[in-house]
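A quick write-up on the structure given underneath.
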Amino acid sequence: MKKNEQKVHPTVFVVFISLLLDLLAFTMILPLLPSLLDHYKENDTMGLYAWLSNQIYFFQKLVGAPEKFNSILFGGFLGSMFSFLQFVTSPIIGGISDVVGRKTVNITCLLGISISYILWALSNNLLLFILARFIGGISKGNVSISMAIITDVSTIYTRGKGMALVGIAFSLGFIIGPMIGAIFAVWAKQKTGNWFVVPALFALLLSLADVIFFALFFKESLPKEKRAKRFSTTFENAKSLIDARDLFQFKALQTIKNEDLMELQRLGLVYFVYMFIYSGLEFTITFLTHHVFNYSSMQQGWMFFAIGVTMAIIQGTYVRKVPPQKTKATAILGLWIIIPSFVCVGVAQGVLMLYFGLFLYAVSTAMVVPSITTLASQYGTEKQKGTVMGIFRSLGALARALGPIVASIAFWSIGSQVTYLIGSVCLLWPVLALKNVI
């Protein structure tokens, strides 16, 4: 093995900084979303919020859902819409970049994200805010392109290090971004009535810095001679990541041992079910703390900060040191831990029980996805591993497209306690099913 094959390509660090800027901006809205929807309830100049509330009035009375919970339902729709758009567009955008190159396509995505923040800053009504989230969702293909860039410039010896940097960017983004959003929202609320405008403008500033940085420092990682010749070929590959039937069957893997394919299909189903339940309960945590514990945006910012720090510590001190033969056991342990975590969060009447549940949630989150991803990466040849990871990313995106709206409907109609308890019981299936996967 040559020495330069072990050295991380400089382009990987450009991708890391670009992703970090993007994720800092993207996560700023997380602690603000419940308060934002409450804001549009009172200040929607176009009346869309009131119209939507009127459309569900009959069902609201039927299930006895409080009117204040309507924001949870609308929030679930927005969360699922964003993830669904990302699920559909990311493979297509990735396929386009295979033909025309990574740089042009990624800059286009970053500009689209910037436009979404402009619309957020201008959103004096719910319709404009929905449009901002829509444009943000279809532009979020920059994450999958970043993964493709790392694959372009990495060897089999450095790909793991490159992907680890992506994980660090996500961790830092989810630790710092929500705090930035909360701090600016609190400061702006003291200075102006439009408290969300300042966080939106700062997110815009970060996204524009990302565009400029990427345009100046990124050198195309996919030379013309290595690009796909026709869009039809890349779109056919994208179809296998969008069509749910092909996705769950792993049809994009053409030449793989039958027993390996069956194991991957079982592992993929476990991952999807876990992410479907997990993402739904995860999405509603901010609404639970907002409505049940009356948390402010600042308190939620600190909550995300504590969760992120806990995850980073667990991943840095434990998960990254797990030997390959114990990866499955680590995933199973993490799946066991997530069950009592959601039970504690759901039944909590005081902050001690809530914090204990959130602590278990952070520990489990740090363990499960990295471990299952590592298990999946063991299948297929070296040339097939990128496809395997792409399928798992799409399964996760599809789960996140469905989970928030289903959990939000449950939260709205039967309340948080029952929703979290049902979700906790359902999470028994992934942990028991994973035991049967080799």
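Before moving on, here are some points about what is shown:
- With 21 Å as the limit on Cα-Cα distance, the pairs of LYS161/LYS385; LYS226/LYS385; LYS326/LYS435; LYS140/LYS239; LYS161/LYS239; LYS161/LYS226 that go past it are LYS161/LYS239; LYS161/LYS226.
- Whole-percent carbon and sulfur share, accessible surface of the chain, 1.4 Å: 68 percent
- Remark: C-alpha extents of the chain on the principal axes read 62, 48, 39 Å, sorted largest to smallest.
- Projection of the Cα convex hull of the stretch 183-307, averaged over all directions and equal to a quarter of that hull's surface, yields 13.4 nm².
- Whole-number accessible area per residue in Å² for the chain, which is evaluated in the context of all protein chains at 1.4 Å: 45 Å²
- Projected-area average for the stretch 257-339 over all orientations - Cα convex hull basis, square nanometres: 7.0 nm²
- A simple spin-label model places pseudo-atoms 7 Å from Cα toward Cβ; at VAL63 and PHE356 they are separated by 3.0 nm.
- The chain: most fluctuating residue of ASP210, ASP243, ASP98 per GNM, C-alpha cutoff 10 Å: ASP243
- With 10 Å bins beginning at zero, the pair-distance distribution over Cα atoms of the stretch 324-386 amounts to 24, 36, 23, 12, 4, 0 %.
- Kyte-Doolittle mean at least 1.6, axial Cα span of 27 Å or more - DSSP H helices of the chain: 197-217, 327-347, 351-377
- Average Cα contact separation per residue, the stretch 331-438, under 8 Å, 6 or more apart, as relative contact order %: 38 percent
- The stretch between ALA215 and LEU432 holds 73.4 nm of extra length on full extension. This uses 0.36 nm per residue minus the Cα-Cα distance.
- Our summary gives the stretch 256-399 a relative contact order of 33 percent, counting only alpha carbon pairs under 8 angstrom and 6 or more residues apart.
- Reduced Cα scattering model of the stretch 219-368, Debye log10 I(q)/I(0), q = 0.20, 0.21 Å⁻¹: -1.17, -1.23
- Rg over Rh, two decimals, the stretch 56-118 (C-alpha only, Kirkwood Rh): 1.26
- The aspartates and glutamates within cross-link reach of LYS103, meaning a Cα-to-Cα straight distance under 18 Å and a gap of 8 or more places when in the same chain, are ASP22, ASP152, ASP210, GLU220, GLU225.
- Relative contact order of the stretch 113-155: 36 percent, from C-alpha pairs under 8 Å at least 6 residues apart in sequence.
- Compactness of the stretch 306-438 was expressed as the Cα radius of gyration divided by 2.2 N^0.38 Å, which yields 1.14.
- MET147 contributes about 30 Å² of solvent-accessible surface, heavy atoms of the protein only, 1.4 Å probe.
- Calculated diffusion of the stretch 87-245, Stokes-Einstein form, Kirkwood radius summed over Cα pairs, 20 °C and 1.002 mPa s, µm²/s: 123 µm²/s
- Once exposed loop trypsin sites (Lys or Arg not before Pro) are cut out (DSSP; at most 16 other Cβ, 10 Å), longest piece of the chain: 8-218
- Along the chain, counting only GluC sites (Glu not before Pro) with a DSSP assignment other than H, G, I, E or B and at most 14 other Cβ atoms inside a 10 Å radius, the longest segment between sites is 1-219.
- Build a GNM of the chain with springs between Cα atoms under 10 Å apart, and of GLN417, GLN299, GLN190 the one that fluctuates most is GLN190.
- Straightening the chain between LEU205 and ASP38 buys 57.6 nm, computed as 0.36 nm per residue apart minus the Cα-Cα spacing.
The values are calculated or read from the model by the stated rules, or taken from the named source; none is laboratory data. This is a predicted model, so every value here is computed, not measured. Heads up, the Cβs are rebuilt from the backbone with ideal geometry, glycines too, and the neighbour counts pull from every protein chain shown. The area values use the complete protein model at the heavy-atom level, side chains included, leaving out ligands, DNA and RNA. Shrake-Rupley method; radii C 1.70, N 1.55, O 1.52, S 1.80 Å.
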